[in-house]
Each structure stands twice: as C-alpha cells, then as structure tokens.
Amino acid sequence: MELGTVIGLAIANILVLIAIIKGGNALIFLNLESMLIVIGGGCIGAPLIAFPIPHLKNLISIVMKAVFVQEFKNAETIKFIVELAQKARKESLLALENVEIEIEFLKKGITLAVDGTEPATIRAVLSAEMTYIKKRHEDGMAILNFITDMAPAFGMIGTLVGLVNMLATLSDPSAIGPAMAVAILTTLYGALAANIFSGPFSRKLEWYDAEETLQMEIVIEGINSILEGDHPAIAEQKLMGFLPASQRSQE
Amino acid sequence: MELGTVIGLAIANILVLIAIIKGGNALIFLNLESMLIVIGGGCIGAPLIAFPIPHLKNLISIVMKAVFVQEFKNAETIKFIVELAQKARKESLLALENVEIEIEFLKKGITLAVDGTEPATIRAVLSAEMTYIKKRHEDGMAILNFITDMAPAFGMIGTLVGLVNMLATLSDPSAIGPAMAVAILTTLYGALAANIFSGPFSRKLEWYDAEETLQMEIVIEGINSILEGDHPAIAEQKLMGFLPASQRSQE
Amino acid sequence: MELGTVIGLAIANILVLIAIIKGGNALIFLNLESMLIVIGGGCIGAPLIAFPIPHLKNLISIVMKAVFVQEFKNAETIKFIVELAQKARKESLLALENVEIEIEFLKKGITLAVDGTEPATIRAVLSAEMTYIKKRHEDGMAILNFITDMAPAFGMIGTLVGLVNMLATLSDPSAIGPAMAVAILTTLYGALAANIFSGPFSRKLEWYDAEETLQMEIVIEGINSILEGDHPAIAEQKLMGFLPASQRSQE
Amino acid sequence: MELGTVIGLAIANILVLIAIIKGGNALIFLNLESMLIVIGGGCIGAPLIAFPIPHLKNLISIVMKAVFVQEFKNAETIKFIVELAQKARKESLLALENVEIEIEFLKKGITLAVDGTEPATIRAVLSAEMTYIKKRHEDGMAILNFITDMAPAFGMIGTLVGLVNMLATLSDPSAIGPAMAVAILTTLYGALAANIFSGPFSRKLEWYDAEETLQMEIVIEGINSILEGDHPAIAEQKLMGFLPASQRSQE
Amino acid sequence: MELGTVIGLAIANILVLIAIIKGGNALIFLNLESMLIVIGGGCIGAPLIAFPIPHLKNLISIVMKAVFVQEFKNAETIKFIVELAQKARKESLLALENVEIEIEFLKKGITLAVDGTEPATIRAVLSAEMTYIKKRHEDGMAILNFITDMAPAFGMIGTLVGLVNMLATLSDPSAIGPAMAVAILTTLYGALAANIFSGPFSRKLEWYDAEETLQMEIVIEGINSILEGDHPAIAEQKLMGFLPASQRSQE
C-alpha cells in the first residue's frame, strides 16, 4: 500500500476529526440522511445516470490500483527484462516458460512469445492491451472528476432541503440551531467527499496512468528486444532510454 | 431501457424524497411558481432564446435514445454482418432484401446495396448520414449543458424575487420562515434539474455518441466488405479491429 | 422575426413577472438606481472601457440580425441560384441585371459579375467580405459574453453598496427589510440581464454565424458556377453538397 | 485619449457614486485599511510575488498606451508609407532622412534604411522588435488578469478579517451594523478594482495588441516595398491587402 | 534573494496584519485547529493523497529556487561562455578544468567536455537533464495549483465544522459571536494560503521555468560552440540570438 496515500488520508481525516471532537458534540456530526444524499445521490446515483454501468464497475479496482499501489520500479523492471533476454539468448525462448513473472503485462507478452506467436502479432496484442488499459484509466478519471463536481452539488441540495424544512417550522426558536446544524452537515459531507477522496484520487490516478504507461512501453520494447535476439547490453541501453537521467544513474 | 439510468434516477430522487418527507412538511416542497421559473424559464424559455427551434425539437428524441438505450452489442452486430456477407456470397446481394434488420443504419445501407446503388455512393450517403447524426448529438449536448447552467441561474432568480418580496413586507416576523422557505425552494429546484437531469444526461449522451459512432463505422466498413465480396472470415477480421481486445476475446 | 426568440423571451419574462406580481409588491421591483448600475455600468460602461467604440456600434445591428432573423432557407437559395444560372446560360450574364435579389451578399456578387469584373476578383472580394462579416460576429459574441460576466458583477457591486448603506444606519430595525430588498434588487437585475438577454443572445449569434457562413459559401460557389457557365443541373449538384442529407431530400 | 475608455470609466464610476451618495453616508465608503488591503495586497503585493519586477514596471506604460490610445488609422499610415515610397523613388532613400515620422516603429525602420543597413537585417531587426513588443503585451495581459483574480480575493480576505473582528466583540449590538458595513467595504473595493479597472483594461489591451501588430506588419511590408523600389501604386496595393474590405473602400 | 518576492510578501502580510491589529483582538486570529486543518489538511494531507511522495519532496527546493532566485543574467552568462570559448581556443579544452563555474548546468557540461566525452553524448546528456528539470518544474506547478484549490476548500471544511459545532449549542447567545469568529478563521487562513502563497508562487515558478530553460538552451548551444571550436565572435553572435533585442543592445 502506498505510503503517501495512507499518510495523507490519515492526516486530513484526523485533523478534521480533532476539530469535530473538540467541539464537544461529535455525535451531531453523524447523520444518516445527509450521508445518503451525498454518497447515495452524488457518488452513486448521479454517476449511474451519467456513465454506463461497465465503466462504473471498473472504477473501484482502478482506484484501488492507483491509490494504494507501490511506486513503479522501472530500473528493476529493466534489469529483470535484461535477465530474461540473457536467459533466452543462452538457453532458448522456451526457457522463459518457467520463470516467475510478477508484472501481469510482461507475463502476457512472454507467454505469447513462448507459445510461438508472431512478433508482429505480439506487438499488436500488447499495444491494443495498453490502449485499452489507458482508456479504462481515462474513464476512471472522468468518473472521479464527475463525483468531485456532484458530491458538493448534492451536499448543497441536502442543505437546501434541510433549510426549507427548518424555515417552514420556525415556531420554536431554540430548535433553529440544531436544525440548521444538521442542514449544514450535508454541505460538509459533500466537501469532504470531493476534497479528501474523489478529487485527490483522480490526481493520483493521472500519475499512476503515466507510470503504468511507461512500464508497459518498457515491456513492449523489452519483449521486442528478446524476440529479435538483441545482445542483453544493447537491450539494456535501449530500455534505459525510457528512464529520466536521474533514475538511470541511481542504479 | 438502460438499467443504470433507471437505478441512478431512482436512487437520487428517492434519497432526496426521504429527506423531504422526514422533515414532515413535504407539501411545502411543492410550489408551482418556483417550478415554472426553473422549468419554464431555465429549461424552456432561455434555451428557446439561445437555440433554433429545430435543434430543440431533436433534443427530446436524442435524450430518450441516449439515456434509455440498451448497451450497444458490437460483437453481435459484427456476427450479424458477417452472416449477411456469407449469405450475399453464397446466394446473391438480392438475397439480403428479405432479411430482417433491426439496426436502422445497417438497414439503410443494405437497402441501398440491394437497390444496386454504386458502392462509392453508398459510402458517401452513409458517411454523410453519420456526420449528420453526430451533429445532432453535439447540438443535444450543447443544449443540455446550457440547461445545466441556466436551471441554477433561474433558481437563483426565483430565490431573489422571493427574498425581495419577503423583505419588503417584514412586518410579521412569524411569516419570515415560511416565506424564506418558499424563496429557497427555487434554488433547490434549479440544483435538482441541473444535477440529477441535464448534467448527467449530457454525460451519458457523450458516451452514447461514441458508442453509436463506433457502430456506424462498423456498419460502413461491413457493407463495404459485403459489396467488395470479401471472404466472410476476412470481413470478420476487419470488423473485429474496431473492438477493444477484451470484447474480441469474449465472444 | 424568429418565433423561438419571441416565445423564449415571452416565457422567461412572464414567468418572472408572475412571481413578482404574486408577491403583491410589484412596484418595489422597479428601482432606477439599481437599473442604472447594472445596465449603465455592466452593459454599457464596462464594455466601453473594454472594447473599441466601432465594435460596440456594430453590436446592436448584429444582435438584431441574429436574434430576430428568420431561419435560413438554403434549399430555396440554391434553387434561386440555379434559376439565375439557367437565365444567364439561356440569355446572358447581363440578363441578371434586372432580377430582384433579396440576399444582400448574392446581390453584391451578381452586380460585380454583371459589371464585368474578373471572376478571380469577384471571388476575392466576396471571400474578404465573408471574413469581415465573420469577424464582426466574433466581436459581437465577445462583447455579449463580456456583458454576461459584467452584468452579475455590477449587480453584486450595487448590492454591496446597498448593504453598506443599510448597515451604516441600523437604528430603525423596521427599515432593514425594505432597504435589504432594494439592495438585493441589483443582484436580481444582473442575473436577469445575463441569463435572459446577453447569455442566450450570444448563443443564438453563434448559431446564426454558422448559418450565414454556410449561405455565403453557397453564394460564392454558386456565382462561381454561373461565371464558369456550368450546366444548371451540375451547379445544383455542386451546391446541394453544402446541405445536410436531410435537407437535400426534403425539397 | 480614447473617448470610449473615458466615457466608460465616467459612466461606471458616476453610477456607483450616485448609489453611494443617495444612501446619505458617502463618508463611510472611504476606508483606508480596506483600500490598502485591496490595492496594496491584491494589486501590488500579490503581483510582486507572482511576477518578476521588470514585467511589472512595463505594466503601467503598456496600460496607458492601450487604454488611452487613439484608434489606429491604418489607411492613413499606408498613405504615408506610399508617399515615402514615392519620395524615395523620385529622389533617393537618403531623402527620407528629414521626413518627420510620428510612428516610432516606422521611424526606426526608415532610420535603419537611411543608414544603409542590409534589407534582410532591417527585416530581422523589425521582426524581433515586433515579437518583443507582443511579448510585453502578453505579459501585461497576464498581470491584469492576475489582478482581476487577486483584487476580489483580497477583498474577501479583508471582509473576513473585519467579520472576525466584529464577531469577537459582539457585546454592543448597535455597533454591529457599522462594523459589518466596514467589513463588506473591502469586498466592494475588490469588485470595483476587478470589474471597472483590471478586467476591462485587459480586454482593451488584447484589442490594442491586435491593432498594433497589424500596424507593425504594414510597416514591415511597407519598408520592404520602399527598399525593393516597388512602384508606389504596387506598394499601395500590397499594403491595402492588410485592411478589411470596408476600410479599403472608405478612403 | 529576489527583491520582488520579499517586498510582495512583506506588503501583503503587513497590510493584513494592520487590519488584524487595528481590530484590537489580534490574539483571536491565532487558532491552532484552524491552522492545522488548512495547512495539515489542504497543504499537506490532500497533496499527499494526490501526488507521489518524490514529487512532493522536490516541491520545497523548487519553490525556494523559483521564489527567491536572483534574476537570470543571460548577457553575462553569454559573455562568460564566450570567455571559455576563447580560453579553449587559445590554450585547450583541458584548460577549462580549473575555471570556477557558478552555473551548475554549465559546470556539468564543461566537466563532461574536459573528460573527453563525445560531443553528441554531451548534447544528449544535457538535453535529457533539461527535460528532466522542466518536468520537475511542471510537477511543482501542478502541486502548487492543487494547493491553491485545496487550501480554500479545507478552509471551508473547517468553517463548516465550526458552524455545526456552534449551531448545535445555541443556548448561550453571547457565545455565538466568538464561536462564529473562530469558525470563519479557517476560511480566512485558506484564502491567505492560496492567494498570498501557493497561487503567486506557482506563477513565479512559471516565469522561472521559462528563464531557466532559456539559460539551459544558451549553455547547450555554447558548449556546442566550444566543442566545435567556433571563433569566439561567432559563438557570441549565435548565443546573442537567444536574447530579446532590448537585452542585446543593453550590454
């Protein structure tokens, strides 16, 4: 699980919680209806109207991947691919069959190669797969950005409903305060959902997409090198071109 | 009818209704004038000033298509076109005359082909039709986005009118609450119209446009294959190129 | 006068008027100072600072054209040009001298042709004229969009001035209500100016520009056909290419 | 001084002044601290943090040029350049040495020509100068747009400070009104600065940039014509091509 | 340290401080919880969720560089490079080994040259370094812009929490004022963080990036000239082409 996301979520939520608890009325901050309007209406209902169901189904797994992922270790990936190239050269392509490969995308490519698929076809399959994965990420970002707009909007809707309810029965002045407090709660929930969750998550997904794309490009180029029987040193040099200067010198 | 839209509309509306009903004054939430200002002013009047009447006439049918449509089944469409290609090859183009075709756009192309129209002309007619359909979708999205801006604006106009009315007669303090409640209602209506209807509908129309465009491209390419007498297997391979990898392997 | 604009303006204004009248204090909604700030400040003063005077002079005539124009009847225009082509072919170019021509742009081109101007020069003159007309439309849209921003801004300025005035003399609580009502009025005026007038007008101007551009392109191509002595049937076919499929089959 | 800017500034400011004076408390609208926060903080402080000092130094002279400039008289400029071309042809390039030239950019070019600089070098020098002038205009617009954002933001900051001050000492209810009035003032100042000054000024600078660029292009082309010894009639025709049709026929 | 940033920060902060102190309750403006929510939540927590940790680590050093840097003296840099070129020509490349070089990027290039690296490789290394540095600046701007959005959002969240707390315990009317003041404070902190710090800082970083990029381009071209043994006068002419006309004539 990525450290930054965990720490960030912890800091943001704990600081808000402290402010709530220090007020001495923490329980008033829990209100089921307000939650239902923001989460059920803004984060589930409106997206269901706006996006097709399959896109929404992908969202959770994509967010999980993007938000809780470890950083990509491209230099290590390159080293591993170079080792594969070495093995394929010394022994044979078939020798790669039993190597354990963690990166799903690399595994797919190697399996195709071991199965004797045409290099051009492998490249086409992997490129199509990459396009498809990127499309899913874009769909995910679109939904997260939509929720970032909708959560505060439904927060305001809930607050407006609460205000109308309160104003309609203004007989007891002592009840105004708590009723108003509950009305404002929905706006608070909407702001929290947009600014602690969907908004920052969409940003990290953007970064994750760039990182995974880079990894997939390295893998495609690497498998190409293996298939063409490049000398491992040349393969390494080719792949290192994908990394920024700083990461190249690090390892 | 598309499940997502139905469920989404149900969730969003029911959750807002629950909050209204639990307030115990559900009837105060019904106000004809407020509705007239938001719907009549923001969703009908302003769009009439801003857009030509023919564009607005299209809107309802387009929204119906986009919001309540089943998902496009491109793999099935391809299978069906391949069957047509097979039939046309074994028997003759004229044999397609009596085949029942559900997809309007495909039917139009096949009819033209059976009538002996020049292939180049068929392609030109279908391409022009596709451009025209996409233009209508874009007009529809433009109007929906305009309404998404105008509904809250007219909601605010109604609330301002209500506030001025209330403030002008501040003699009876006990009347302030209900009068204020009514004033705020228009803002609530505007927010509901924009965030539960026009906004999400415009988003789904965007997706629908992409899906229908893909279908039309498949049909144009498919009819091309039929007219050129491609072997069905080759026709299928060509058409499958339009699908993402995942959908190709599924069927 | 275009029906949509008339109906739209009527609906939007009448619905707001109903809400005003039903409040029972219609007269309080008339306030000269508030009007002066929004109209004089936001719709006249600020645009005078922001745009050169000649651009502003054009605005009124452009808005009139765009908002109250009949729909363009391109199929009829084409039919008329084809008739001109027929006449010019049967008789001579000079025979077009006495034909009554409603469309200003077409008249200009025919007059140049009858005067014996070089075809290349006619085309250059008409193209330059088209560019100039489009530039004027763009200037008009820019000013309308600027007013759509400025009207609410000056509405807020007026309300702030009113609030400060009211708060400075808070001695008589019974005067707060009406003073506040007057203060809020300026915001209402700003919202009406932006959302019933300048905003929707700018949108219709955008559509009008597209339509008039299409008409001018048809005219330029048509005069070209006449000058080159195209057979009327060929001229018609060329010009029909400018229309969407639906309009072509209609006539 | 340009009439539009003067009239626009007069109208906008006078109308706001009338609303202030009619309130009967004009003096309360003068508040040094509020002015300091909006002007010192939003219009000077924040821009100093955001932009390098040399860019800010240019701003005042650019705004002066753009906002108070007469309209560009391109037809007259062309006539003048054609006269120069005539003189250079009849007498010699050196004869232009003593001609009085008002337009700075033209003067620079003629001086270079009279000094015997290579035509290619003159063109390069003038093009570089034009690029540099346009860059300064863009810097100016960027700063004005930044101020248009910052002035209301600092207006809000001042109001928030005022509100906190007022709320902290809520003992005397009769003091609430005036204290609140002063707090709101800063927001008013911010709105005035953004909507009467920086915002519209940035817009006019945009127009001014387009106009001066056109003039500079005419000058560069004109000096080119003079250096190549074009016949004055041909030079005029070349230069007229820069003007819209309407301005060409006017003179 | 850049003068503009220092003066700007001083002006903006002092003017706000004066308004705070003149209110007579300066201490109420210090509130730890409010600061924690805005700084901890909006400026640290949310960015941690949204961006990967290495990007955030770079931020502080980048901001320091961009905000407190002296203006770039490109004319001096060019003069210095020309001197290096002279020395390399008269003596040899190795003579540059002991020259003291302040500009890090130039030092790196010269060191590579002295070490006998291939010119093509040096160019590739420096270009990659430049791309990497620009990428870091862009990451920095993205984070600053994100904070400019998040700081006011968390300001609002804090104010909403405070309002709910206050409204829930409305028993003692005399406590409303101070409680409300504290609630509003968080919004004030958010506005200050966004408008005095992150927003203007992001703008200056944009300018800094353009300036440093120009310097790096001059250095790359200069080292190229040195390696190719250009005559110092020609090297100077080449490098001067990077400067705007005004800076060229100045020195």
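The values are calculated or read from the model by the stated rules, or taken from the named source; none is laboratory data. Since we're looking at a predicted model, the values are computed, not measured. Here the Cβ is made from the backbone with ideal geometry for all residues, glycine too, and neighbour counts use every protein chain on show. Accessible surface is based on the protein model in full, side chains and every heavy atom, while ligands, DNA and RNA are left aside. Shrake-Rupley method; radii C 1.70, N 1.55, O 1.52, S 1.80 Å.
Before moving on, here are some points about what is shown:
- Diffusion constant of the protein assembly as shown at 25 °C, which comes from Stokes-Einstein with the Kirkwood Cα-pair radius and 0.890 mPa s, µm²/s: 69 µm²/s
- Per-residue average of Cβ from other chains inside 10 Å of D:19-28: 5
- Pairwise FRET efficiency - residue B:138 versus residue A:211, Cβ, R0 = 35 Å, nearest 0.05: 0.55
- What the Kirkwood sum gives for the range D:7-65 is a hydrodynamic radius of 14.0 Å, with every pair of different alpha carbons counted.
- Nearest-10 value in Å² for the accessible area of residue B:209, using the 1.4 Å probe: 20 Å²
- Under a model in which nothing but the beta-carbon of Lys, Arg (+1) and Asp, Glu (-1) is charged, the range A:1-87 shows a dipole of about 120 debye around its Cα centre.
- The GNM of chain E, with springs linking C-alpha atoms under 10 angstrom apart, assigns the highest mean-square fluctuation among E:132, E:189, E:208 to E:132.
- Per the Debye calculation on the range A:1-106 with a single equal scatterer at every Cα and no solvent contribution, log₁₀ I(q)/I(0) for q = 0.14, 0.19 Å⁻¹ amounts to -0.86, -1.11.
- A simple count of charges around residue A:112, restricted to other residues whose Cβ falls under 11 Å of its Cβ and scoring Lys, Arg +1 and Asp, Glu -1, yields 0.
- Most mobile listed residue (D:237, D:86, D:215) in chain D, GNM with C-alpha springs under 10 Å: D:237
- Rg and Dmax [Cα atoms of the range C:140-236; Å; Rg one decimal, Dmax integer]: 25.6, 86
- A 1.4 Å probe, protein heavy atoms only, puts the accessible area of residue D:114 near 20 Å².
- Set of aspartates and glutamates near residue B:22 by C-alpha distance (under 12 Å), chain-local residues within fewer than 8 positions excluded: A:33
- Ligands, DNA and RNA are left out, and with a 1.4 angstrom probe the accessible area of the protein assembly as shown is 45 Å² per residue.
- Share of carbon and sulfur in the accessible area of the protein assembly as shown stands at 60%, probe radius 1.4 Å.
- Tilt relative to chain D, helix D:3-22 - C-alpha long axis, 0 to 90 degrees, to 10: 10 degrees
- Span per principal axis, largest first, for the Cα atoms of chain A (Å): 88, 37, 29
- Principal-axis analysis of the Cα atoms of chain C puts helix C:176-192 at an angle of about 10° to the longest axis.
- Ranked packing of B:151-161, D:38-48, most packed first, by mean Cβ within 10 Å: B:151-161, D:38-48
- Interface E-D: total buried accessible area of about 3100 Å², 1.4 Å probe, protein heavy atoms only.
- Evaluated on the range D:193-242, the Kirkwood hydrodynamic radius is 12.7 Å, with distances taken between all distinct Cα atoms.
- The range A:122-222, relative contact order in percent, only Cα pairs under 8 angstrom and at least six apart counted: 42 percent
- Cα-Cα over 32 Å, subset of D:238/E:238; A:135/B:57; C:107/D:65; D:135/E:238; B:135/D:135: D:238/E:238; A:135/B:57; C:107/D:65; B:135/D:135
- Taking every C-alpha pair closer than 8 Å and separated by at least 6 residues, the mean separation divided by the residue count of the range D:1-158 gives a relative contact order of 42 percent.
- Shape of the range B:89-176, Cα gyration tensor, a/c cut at 1.5: prolate
- Within 10 Å of the Cβ of each residue in C:189-199, the mean number of Cβ atoms contributed by other protein chains is 4.
- Tilt relative to chain A, helix A:53-68 - C-alpha long axis, 0 to 90 degrees, to 10: 80 degrees
- Given +1 at the Cβ of Lys and Arg, -1 at the Cβ of Asp and Glu and no other charges, the dipole of the range B:55-160 around its Cα centre is 100 debye to the nearest 20.
- Cα-based Rg / Dmax (Å) for the range D:28-165: 22.9, 78
- Peptide A:2-12 - average C-beta neighbours from other chains (10 Å radius): 6
- Helix-derived mean residue ellipticity, 222 nm - over chain E, DSSP H n ≥ 4, -39500 (n - 2.57), to 500: -24500 deg cm²/dmol
- Placing a label point 7 Å from Cα along the Cα-to-Cβ direction at residue B:86 gives distances to the equivalent points in the other copies of 5.3, 5.3, 8.6, 8.6 nm, listed shortest first.
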